[in-house]
Amino acid sequence: MSPPRAPPRLAVFKLASCDGCQLTLLDCENELLEVTRHLEIADFREASSAVIEGPYDVALVEGSVTTEEDRRRIQEIRASSSTLVTIGACATAGGIQALRNFADVEEFRRNVYPSPEYIRALATSTPVRDHVPVDVELRGCPISKHQLLELISALLTHRAPDLPHDSVCIECKRRGNVCVLVARGTPCLGPVTQAGCGAVCPAYDRGCYGCFGPQGTPNAPSMIHRLHELGMSRAEVSRVFRTFNAASPEFRRASEGEAREGESS
């Protein structure tokens, strides 16, 4: 008789981030207890100091690569993990800290820190996929609890996860929200942002801030044209695209184009 198969090992790691996406995993509470019946949480410093050395079947990685240490660590994590999942805007698009990509990091270092010679940072904040192969990305700032549970369930049952690729506008329609962009003239990035949040901001009469990054085929030029019609300047539109997913290619092109046009006008 063969011995019972060991449960899959899950590890959770952090690079440059605020820990919000790891807290989403802890917020699963009762669902997390059910998950632990089917897998072994081998390394999760946010929850426990107990650590089991790899290799791991699944690694969840929060945070962007902002230092040489981050770059070394993500290579080690990739080498010890069968499946690598990046969670959150920092890991998938560089995060809010990717605003450094549009500026002079050395100037920040000199002006912010009393002893800048001790600060070791890269000139850019970049997503994990820029450094190692990534198997699955979970978007959001923070990620969706429901998407995380769906992903873990899919990995345990060896199927493709059912993750959204359409826009926040679809979620608004499902909730029966009045479109704040059309009906109230409120600037909203919902048409170019990937679904996943449940359209929480438009549900409370606020425009979408783009927390889940660009949807599959964002029509950024049309979105920019509409924002100008609402009276926003090029500088204001550029800032709208420079938030949680500023370094995502589609949002970066939109913000840089507006910034250039604003400087030349």
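The values are calculated or read from the model by the stated rules, or taken from the named source; none is laboratory data. The structure displayed is predicted, hence computed values, not measured ones. Don't worry about glycine lacking a Cβ; one is built from the backbone with ideal geometry, like all the others, and counts go over all protein chains shown.
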(request) Check 112, 128 and return the single one that is among the hydrophobic types (A, V, I, L, M, F, W, C) and surrounded by 24 or more Cβ atoms within 10 Å (Cβ to Cβ). (result) 128
(message) Which count do you get for residues in region 90-112 that are over 23 Å from residue 212 (Cα atoms) and in a loop (DSSP other than H, G, I, E, B)?
(response) 2
(request) Take residue 172 and decide whether it is at pLDDT 95 or above and assigned to a helix (DSSP H, G or I). (result) yes
(message) Consider region 38-85. How many of its residues are touching a Lys or Arg at 6+ places or on another chain (Cβ under 7 Å) and among the hydroxyl-bearing types (Ser, Thr, Tyr)?
(response) 2
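Taking the criterion of being hydroxyl-bearing (Ser, Thr, Tyr) and outside the structural domain of residue 145 (by TED's automatic domain parsing), would at least one residue in region 1-18 satisfy it?
Scanning region 1-18, I find at least one residue that is hydroxyl-bearing (Ser, Thr, Tyr) and outside the structural domain of residue 145 (by TED's automatic domain parsing), so the answer is yes.
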(request) From the list 42, 91, 59, 6, pick out the single residue that is in contact with an Asp or Glu (Cβ under 6 Å, 6 or more places away or on another chain) and touching a residue at least 12 places away in the same chain (Cβ under 8 Å). (result) 91
(message) Can you go through 220, 246, 259 and tell me which one is surrounded by fewer than 23 Cβ atoms within 10 Å (Cβ to Cβ), touching a Gly at 6+ places or on another chain (Cβ under 9 Å) and of a type in the set (Gly, Ala, Ser)?
(response) 220
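Across region 1-18, what is the total count of residues that are under 25 Å from residue 78 (Cβ atoms) and either exposed (fewer than 15 other Cβ atoms within 10 Å of the Cβ) or more than 21 Å from the chain's Cα centre (by Cα) (or both)? Even if it seems obvious, please write down each step before you answer.
Step one: of region 1-18, the residues under 25 Å from residue 78 (Cβ atoms) are 5-18.
Remaining after also requiring either exposed (fewer than 15 other Cβ atoms within 10 Å of the Cβ) or more than 21 Å from the chain's Cα centre (by Cα) (or both): 5-9.
The qualifying residues number 5.
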(message) Looking at region 131-141 only, could you name the residues that are within 14 Å of the chain's Cα centre (by Cα), under 13 Å from residue 94 (Cα atoms) and outside any strand (DSSP E or B)?
(response) 139, 141
